[in-house]
Amino acid sequence: NPVFNATNPKTISPAKGVLMVARLDGPSADLANSLVDRAIDAEKFGLWGRSYIDLRGIKTGSFKAGDDRLRQVGEITRRSGYTTVVDENPGTFPVGFPGDRIAFYAGWYGINVEGLFAEEVVDFAPGAIAYHLHSYNGSMIRHAHSRWIGPFINKGATATFGSVFEPYLELTPYQPVFFARLIQDGFTFAEAGYAATRALSWQTVFVGDPLYRPFGKDPEQVETELVNSKSSNIEWFRLLAVNQGLASGA
């Protein structure tokens, strides 16, 4: 990918040999169509909630890189002001895990949706972005209860991504770049996805509105809009500001 790790979204273009593609898809036509509405709502009202990072507690070996990447994602969301829950246990988040108001999820490693995300109701925040690292997490997008992309969309996530076949760990999307570009640099969902993808082929798939840009406004504009509309989300905004100060040592 000639634009891997791009820091300027304008460089991700056909002129550079890259035509971005994302899918509006899911277990049903209604769910697929709802992805644009979910994205628009989050852009209008904000992406408020918590970040959940599910590691495996790997300390050595080649798969430690997977934990390291996801740990970096947790650090990105924490420094961006989101209350971040990091789990080091080998298994996935179990049934009954207190996952409330999930704005971001990144974790691994099960072939099919399980635990917290297999519950009847998952508390995804409006605009939520979810990613579960597995070689075949995107191989059954239109199944509501198989693999991960379909179930995420079915339970209320706004955007997700994965692989339809074995990319091996090295060629899965580089999650720290994706979340950094999206949250810290204001990229769209598609731009962040392509900046995070080392190799372009048919294996990696992005499902959600490619134009979804949850962090396209500056904080002053967000605060003004929340105050003027008397939105209860102003409390989330203030919490993010406090958390950002704590993360920076202020």
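Each reported figure results from applying straightforward, stated rules to the coordinates on display, with no laboratory input. What you see is a predicted model; the values in this text were computed from it and never measured. Cβ placement follows ideal geometry from the backbone for every residue including glycine, while neighbour counts extend to all protein chains displayed.
Miscellaneous remarks
- Ignoring aspartates and glutamates fewer than eight residues from LYS217 along the same chain, the ones with Cα atoms less than 12 angstrom from its Cα are GLU43, ASP185, GLU225.
- Helical content of the chain, expressed as a calculated mean residue ellipticity at 222 nm, amounts to -9500 deg cm²/dmol (DSSP H runs of 4 or more residues, -39,500 (n - 2.57) each, divided by residue number, nearest 500).
- Legend: ranking of residues ARG181, ARG213 from fewest to most surrounding C-beta atoms inside 10 Å; resulting order ARG213, ARG181.
- Hits among lysines - C-alpha to C-alpha of LYS59 under 20 Å, sequence gap 8 or more where chains match: none
- For ALA15 and LYS44, a Förster radius of 25 Å and the Cβ-Cβ distance give a FRET efficiency of 0.20, rounded to the nearest 0.05.
- Fluctuation leader among PRO94, PRO14, PRO173 - the chain, Gaussian network, Cα springs under 10 angstrom: PRO14
- Charge dipole (Cα centre; +1 on Lys/Arg Cβ, -1 on Asp/Glu Cβ; no other charges) of the chain amounts to roughly 500 debye.
- On the basis of the beta-carbon distance and an R0 of 22 Å, ASP185 and LYS217 show a calculated FRET efficiency of 0.95.
- The relative contact order of the chain comes to 24 percent, based on Cα pairs under 8 Å that sit 6 or more residues apart.
- Candidates SER80, SER232, SER28: whichever shows maximal mean-square fluctuation once the chain is modelled as a Gaussian network with Cα springs under 10 Å: SER232
- Built amide H within the under 5 Å cut-off of THR83, gap 5+: SER51
- Per-pair calculated FRET efficiency, R0 = 35 Å: ARG101 and TYR168 via Cβ, rounded to 0.05: 0.55
- When SER13, SER51, SER34 are arranged by Cβ crowding within 10 Å, least crowded first, meaning fewest neighbours, the order is SER13, SER34, SER51.
- The stretch 219-250 and the stretch 129-203: distance between their alpha carbon centers, rounded to Å: 28
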